[in-house]
Structures are given as structure tokens and as C-alpha cells.
Amino acid sequence: MRDHYMTAALLAAVLCAAPLSASAADSTVDQATEKVKETAQAVKGAVSDSWLTSKTKIELFADERVKGRQVHVETVKGEVFLRGKVDSEAAKTAAEEIAKGIEGVKGVKNDLQVVAPSAREIVAADDKLITQAVTATLARDPLLKKIDVRTDAGVVVLSGEVPSLALSAKASDLAHRIDGVKSVKNELRVAEAKAS
């Protein structure tokens, strides 16, 4: 009789534990499914950005109002960035309209500079010297030396990541001090503090 109670108790324990293990397994499956969804969403976002960049470039080359080779296109989280030098204000406006017309584009940042073809070589040479001077100045500070610098018609664009907002402001200030700089566009991201 005692063995009979032991068997019944053992059977009850197994039956009670079964839903718990099934529940734990379901939880693990749910966590794995969620992780797969997150990864798929991240991949979809990256694919979407590259697709938007490619589609925008194709449309720019196909449109007669814009010389596609003059426009550099980059997409980040659905926002399209247009950079470079175009021949006229009409070409700049057309490039922005084209980019906005692409399905899936969340926004357009038009940093195109209007530079007459006759002045382009002089401006390009000046831009190269300005970029070199700004890069050399920032390189003197170890926390600023990894900043990317581009210059379009005297407008310096700073991009990359810095440890603090104060360093971002310092980079802008240093760039402003260089001869020939008309303005500075600070696109620097401030690094998020890492949890200890």
C-alpha cells in the first residue's frame, strides 16, 4: 500500500511539473521568436536604407533636370541625405523632389551646394585645402581626430561620433576658425554613456 502511495505521489509530481516545463519551453520559444523578429527588423532596416539609396540614385540619373553624378546619396533610417555640388538652384530643388518621391523615404536632408560650372574647379581646390586644414586641426586633439570632414563650397560638414556635447561644440568652433570656411554643419553624434 505504501508503494502505491509513493507511486501516486511520484505520478502527481510528474504531472504537476509537466506544465511547468512546457511553460518554460514556451517562454524560451517566445524569447527566441522575439529575437528573430528583432533581427529581421534590423536587417530589413539596413536593406531598406541601401535600397532607398540605390533607388534614389537611379531616379536622379534618369531625370534630365539633375546630373546624377554630381549628387552623393546616403540613407540612414529612411532619411535620405543629398550632398555635392549642382549647377543651379533648379537642379537642387529637383533632386530634393525626386528623393521625396521615392516610396519609403521618411525625409530628405538637402545639403547640395549650387556652384556654377565655371567656378567648380576653383571651389573644389579651395574645398580640398579647407578639408585638409580642418582635419589637421582636429587631429591635434586625440578625442576629435576620428571626425570625418567634408567641404562643399566652403561649407564644412562634420560627421562621426564624439564622447560629449562639449567636444562636439569644440569641433565646430575649431572648424569655424579655419580661413575660407563659410559655415559649419555639425552632424556629430554624441556617444551614449555605457552602463557599468
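Filter the stretch 140-151 down to the residues that are farther than 15 Å from A191 by Cα, surrounded by 13 or more Cβ atoms within 10 Å (Cβ to Cβ) and not charged (D, E, K, R) and list them by number.
V149, T151
Which of the residues that make up the stretch 146-175 are closer than 19 Å to L129 by Cβ and either among the acidic types (D, E) or free of Cβ contacts under 8 Å to residues at least 12 places away in the same chain (or both)?
Those that are closer than 19 Å to L129 by Cβ and either among the acidic types (D, E) or free of Cβ contacts under 8 Å to residues at least 12 places away in the same chain (or both): D148, D152.
Scan the stretch 109-136 and report the pairs whose first residue is at pLDDT 90 or above and whose second residue is part of a helix (DSSP H, G or I), with Cβ atoms within less than 6 Å and a gap of 6+ or a chain change.
N110/E96; V134/A175
Name the strands (runs of 3 or more DSSP E) wholly within the stretch 89-196 that hold at least 1 residues that are of a type outside the set (S, T, N, Q) and farther than 18 Å from V73 by Cβ?
By residue number, 148-152, 155-162, 183-190.
On the basis of being exposed (fewer than 14 other Cβ atoms within 10 Å of the Cβ) and in contact with a helix residue (DSSP H, G or I) (Cβ under 9 Å, 6 or more places away or on another chain), does E103 make the cut?
Against the criterion (exposed (fewer than 14 other Cβ atoms within 10 Å of the Cβ) and in contact with a helix residue (DSSP H, G or I) (Cβ under 9 Å, 6 or more places away or on another chain)), E103 qualifies.
With the structure loaded, tell me whether G101 is on the phi > 0 side of the Ramachandran plot and either small (G, A, S) or in contact (Cβ under 8 Å) with a residue 24 or more places away in the chain (or both) or whether it fails that test.
For G101, the condition - on the phi > 0 side of the Ramachandran plot and either small (G, A, S) or in contact (Cβ under 8 Å) with a residue 24 or more places away in the chain (or both) - is not met.
What's the number of the only condition in (1) charged (D, E, K, R); (2) part of a helix (DSSP H, G or I); (3) in the same structural domain as Q70 (by TED's automatic domain parsing) that K85 fails to meet?
All conditions pass for K85, except number (2).
Can you pull out the residues in the stretch 171-185 that are small (G, A, S) and surrounded by fewer than 18 Cβ atoms within 10 Å (Cβ to Cβ)?
S172, G180, S183
Among the residues of the stretch 61-80 satisfying the criterion of being outside any helix (DSSP H, G or I) and among the charged types (D, E, K, R), which is surrounded by the most Cβ atoms within 10 Å (Cβ to Cβ)?
Selected residue: K67.
The values are calculated or read from the model by the stated rules, or taken from the named source; none is laboratory data. Quantities reported herein were computed from a predicted structural model and do not represent experimental measurements. Glycine also receives a Cβ, built like all others from the backbone with ideal geometry; neighbour counts cover every protein chain displayed.
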